[in-house]
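Enquirer: Quick one: the structure is below, and I'll ask about it shortly.
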Amino acid sequence: MNFSLSSVLAIALLAASASLQAQTNMKPSDTEYYSPVPPTVTINNGIPSDATILFDGKDLSKWKGEKGKADWIVANNILEVKPGSGTIQTNENFTDFQLHIEWKSPEVIKGEGQGRGNSGIFLQGLYEIQVLDNVNNPTYVNGGAGSLYKQRPPLAQVIAPDKWHTYDIIYKAPQFNKDSLLISKGTVTVLHNGVVVQNNTQIDGTTEYIGLPKIVSHGPGPIILQDHGNPVQFRNIWIRKL
Ligand code: MG
């Protein structure tokens, strides 16, 4: 059967007017529903009640090291990278989440560019949100603090008000089909000291120091904190599964 352009248009107009008619006949309650009821969350000392606390200042019981026990320094409610000891990672694996983490560059300014106050937060162990001293420390922009390392620069370079920085990271994992083909890219939103620096950024693939990101099929993964040889500090780390 052959439809002319005008008959197609006429059908579309009829459908639109029918839908408009249906809309006019609707009551407010026709588009309101009551279940499921969202869970109640309360906030205690800034931490949502449904969060898993990954570091509360006391110990590294939620973490392990590259070679066994997590061997970073815990003192005065602060976690500090022990240079040379390797990365640490959560015991638990995660998929989609909201992560809160606070960090501070070393007091003693040493090195420059990528060599100064470098650490990082690897989402599902594969995608790095960069941690770097960003005060008078020029480097490639897609390697600065708040960058999705080597992929996207931050939208702004945000200086910490009191040297402690906060990252609030909202992450949606990439999805793969049963043949391990990517069907939707991962995305990440990052608020750096409350300022949006990654806005629903699409993740092209794994963080690579040399070469292009790789697409690797994977399931849930840990949060990894990077040992880049600098005594960067962390505190108040919590996560909410989404
Ligand atoms: Mg890094």
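Throughout, read-outs are computed from the coordinates displayed, never taken from laboratory work. Treat the numbers as computed from the prediction; the structure is a model and nothing was measured. With ideal geometry, Cβ positions are generated from the backbone for all residues, glycine too; neighbour counts draw on all protein chains shown.
Enquirer: Every residue in region 95-127 that is part of a strand (DSSP E or B) and farther than 28 Å from SER217 by Cβ, please.
Expert: HIS100, GLU102, TRP103, LYS104
Enquirer: For region 129-151, enumerate the residues that are more than 20 Å from ASP204 (Cβ to Cβ) and not in a loop (DSSP other than H, G, I, E, B).
Expert: VAL131
Enquirer: Residues in region 206-242 that are touching a residue at least 60 places away in the same chain (Cβ under 8 Å) and of a type in the set (Gly, Ala, Ser): how many? Don't jump to the end; show me each part of the working.
Expert: Here is the first cut: in region 206-242, the ones touching a residue at least 60 places away in the same chain (Cβ under 8 Å) are 206-207, 213, 216, 218-242.
Within this subset, residues satisfying the condition of being of a type in the set (Gly, Ala, Ser) are 219, 221, 229.
The number of residues fulfilling the criteria is 3.
Enquirer: For region 85-98, indicate whether the set of residues that are farther than 15 Å from ILE239 by Cα and within 13 Å of the ligand (Cβ to nearest atom) is non-empty.
Expert: Yes, region 85-98 contains a residue that is farther than 15 Å from ILE239 by Cα and within 13 Å of the ligand (Cβ to nearest atom).
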